[in-house]
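The values are calculated or read from the model by the stated rules, or taken from the named source; none is laboratory data. No experiment lies behind these values; they were computed from the predicted model shown. So basically every Cβ, Gly included, is an ideal-geometry build from the backbone, and we count neighbours across all protein chains shown.
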Amino acid sequence: MTVNIPANEQELLAMPAEDYMNEAQLAYFRQLLLNERKEVETTLEEMRGSIGMAESSGDDSDRAASEEELRYTLRQADRETRLWRKINATLDLIDEGEYGFCEETGEPIGLKRLLLRPTATLSIEAKQRQEQQENHYARRR
């Protein structure tokens, strides 16, 4: 059986609410995530190359600038690696049939939110509660 994957966001959003996370929607998000993972892998490969090419010669200010650039690249590579892991975990959720539902409440996350952040695991309401709790605890310190 072939699944007709929506060609664009408008087709996806035009689907009836009762079709939430049907095979076509799951296929759409799987492809979206696979494309994003490929982009992240390409970026990480470019970063590895630039890290390997980093020079440590020159005067003190050249070395300092080079080291600062290397630190920035390493931080960026760390963020990209975390995103790569999150994408893989999200692909696992699709395989397990749990994608698109809030891990806290079990309610649908919503297509619009998932289109903006395909790796989202919390509904907007649950995410807001989480952020409020984080802010509350941060202020108490």
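Below are the figures for this structure:
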| read-out | value |
| --- | --- |
| ARG113 within 14 Å of the chain's Cα centre (by Cα) and of a type outside the set (Gly, Ala, Ser) | yes |
| Verdict on LEU111 being among the aliphatic types (A, V, I, L, M), within 20 Å of ASP19 (Cα to Cα), in contact (Cβ under 8 Å) with a residue 40 or more places away in the chain and surrounded by 12 or more Cβ atoms within 10 Å (Cβ to Cβ) | yes |
| First in the range 1-29 and in contact (Cβ under 8 Å) with a residue 12 or more places away in the chain and under 15 Å from TYR99 (Cα atoms), second anywhere and part of a helix (DSSP H, G or I) and of a type outside the set (Val, Ile, Thr), Cβ under 6 Å, 6 or more apart | TYR28/LEU12 |
| The listed residue being hydrophobic (A, V, I, L, M, F, W, C) and at pLDDT below 90, out of LEU83, LEU70, LEU91, LEU114 | LEU70 |
| Condition check for THR90: in contact with a helix residue (DSSP H, G or I) (Cβ under 9 Å, 6 or more places away or on another chain) and of a type in the set (Val, Ile, Thr) | yes |
| Enumeration of residues in the range 59-89 that are within 14 Å of GLU46 (Cα to Cα) and surrounded by 15 or more Cβ atoms within 10 Å (Cβ to Cβ) | LEU70, THR73, ALA77, GLU80 |
| Residues located in the range 61-84, provided they are basic (Lys, Arg) and more than 30 Å from THR119 (Cβ to Cβ) | ARG63 |
| All positions within the range 56-87 that are in contact with a Lys or Arg (Cβ under 7 Å, 6 or more places away or on another chain) and under 30 Å from ARG129 (Cβ atoms) | TRP84, ILE87 |
